[in-house]
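The values are calculated or read from the model by the stated rules, or taken from the named source; none is laboratory data. Fair warning: this is a prediction, and the values are worked out from it, not measured in the lab. FYI the Cβ positions are ideal-geometry reconstructions off the backbone, even for glycines, and counts take in every protein chain you see.
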Amino acid sequence: MTGDYPSAQQMMAAASDATGLEDFGGSSFLPGLEMMLESLAADVPYAAADRDKAIALIERRLVNRLTIEKWFADHCWAANTSIESPVSIVGLPRTGTTALGNLLSLDPQFRSLRAWEQEQPCPPPHIDTERDDPRRTAYAHMVETLMRDDPEQASMHIWETDASVEDTEVLGLEFHAQQMTMPVWRYHAWWRAEDLRATFRYHARVARLLQSHRPPNRWLFKAPHHKFHLDHMVDAYPGIRFIFAHRDPGKSVPSYASFVASLYPPDVVAKIGREKIGREIHNHLLTGMRQAMTAREILGPDHFFDVHHADFLANPMATLDRIYGWLGLPMSDGLRARFREWFAGNGSGAHGAHSYTPEQYGLSADAIRGDYEFYTRAFGIDTGAKA
């Protein structure tokens, strides 16, 4: 046991007992699993019910690994199918990445990575039946309930059933997800420095499973945390291109601290303290941006298209036109109309206002901007903008 948590071996045995399967597809996930369990025991003051939820999440991911390997054993042909010119939307969180991801998810030229298929990849969805897939139906109901009953979350984040979301569950199969839904500080520090090349190769393996009966094969990923390991992702997806979103970090960093705190149980926030959460988030994101800047130098400019949040808000269709030109993709009149319809229902403040101050999290907007000067200067980011 690790504190009040089972050991990695006990959790693997439980997953095998639940499925009758034993092949986890290798042991590359084991260091991450062990680190997560260690960090949960040392860093997170969960009550018993929340501790049980964390254990259940870990067991679900282990069960998913087992069922994925069983599926590939029965469908060997899928392991080498092609993935065509994927795109990932990255940057600091709270920079418009969700809006961009949800918009591009409206385009049938892209294959979105939906939350409901990540949480239970097997059996992979089928294009002819996915509309009524019980996983999709359950997730759509959850979104409807959240939008109705949790105005705080509705104001902070745009929730949609069929849009690309962060690949937390896919990376979590290797126990190399960022996992910001838990205050696992030791795990976060370990993760930032990890080599994720093998993890992204497994990521691509899961993408091949999910696309097997549900084309197209041009994946759209939306994950600000990819900025920590951009060059590692290119190793698994050689043709990938990145849309990099930019915004004044004096605004985006405190906004993300507020959003992350909302994901923790209130008693955990009270025990940890908002200032501790703010410091951890600031350090985490600053490290990620430094790693992203280094990777951009290695990869070169052809991999990246930069989008400034203020420009996107001021003229979203012009931004989308430039993105489609860069990708060499057509934008039909019908798609353009769908984009405009989306904007009409999801403009700034459409679902309520996200209220917070940097000081609530022990932060100062001016101090953040000073720490990020290397970044804001490099991309000409307006730190006086209202956006």
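Numbers for the structure displayed
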read-out	value
Residue satisfying condition, being modelled with pLDDT of 95 or more and either closer than 30 Å to A198 by Cβ or touching a strand residue (DSSP E or B) at 6+ places or on another chain (Cβ under 7 Å) (or both), within set R274, R247, R290, R279	R290
Filtered residue count, the stretch 358-379, keeping only those that are more than 10 Å from V253 (Cβ to Cβ), in contact (Cβ under 8 Å) with a residue 12 or more places away in the chain and not β-branched (V, I, T)	7
Enumerated helices (runs of 4 or more DSSP H) restricted to the stretch 318-387, each holding at least 3 residues that are surrounded by 12 or more Cβ atoms within 10 Å (Cβ to Cβ), at pLDDT below 95 and of a type in the set (D, E, K, R)	none
Of residues in the stretch 180-209 being farther than 18 Å from F29 by Cα and over 17 Å from the mean Cα position of the chain (by Cα), the one surrounded by the most Cβ atoms within 10 Å (Cβ to Cβ)	L209
Tally, over the stretch 229-267, of residues that are among the charged types (D, E, K, R), in contact with a Leu (Cβ under 8 Å, 6 or more places away or on another chain) and assigned to a helix (DSSP H, G or I)	1
Residues of the stretch 277-301 satisfying the condition of being in contact (Cβ under 8 Å) with a residue 12 or more places away in the chain and more than 22 Å from the chain's Cα centre (by Cα)	I298
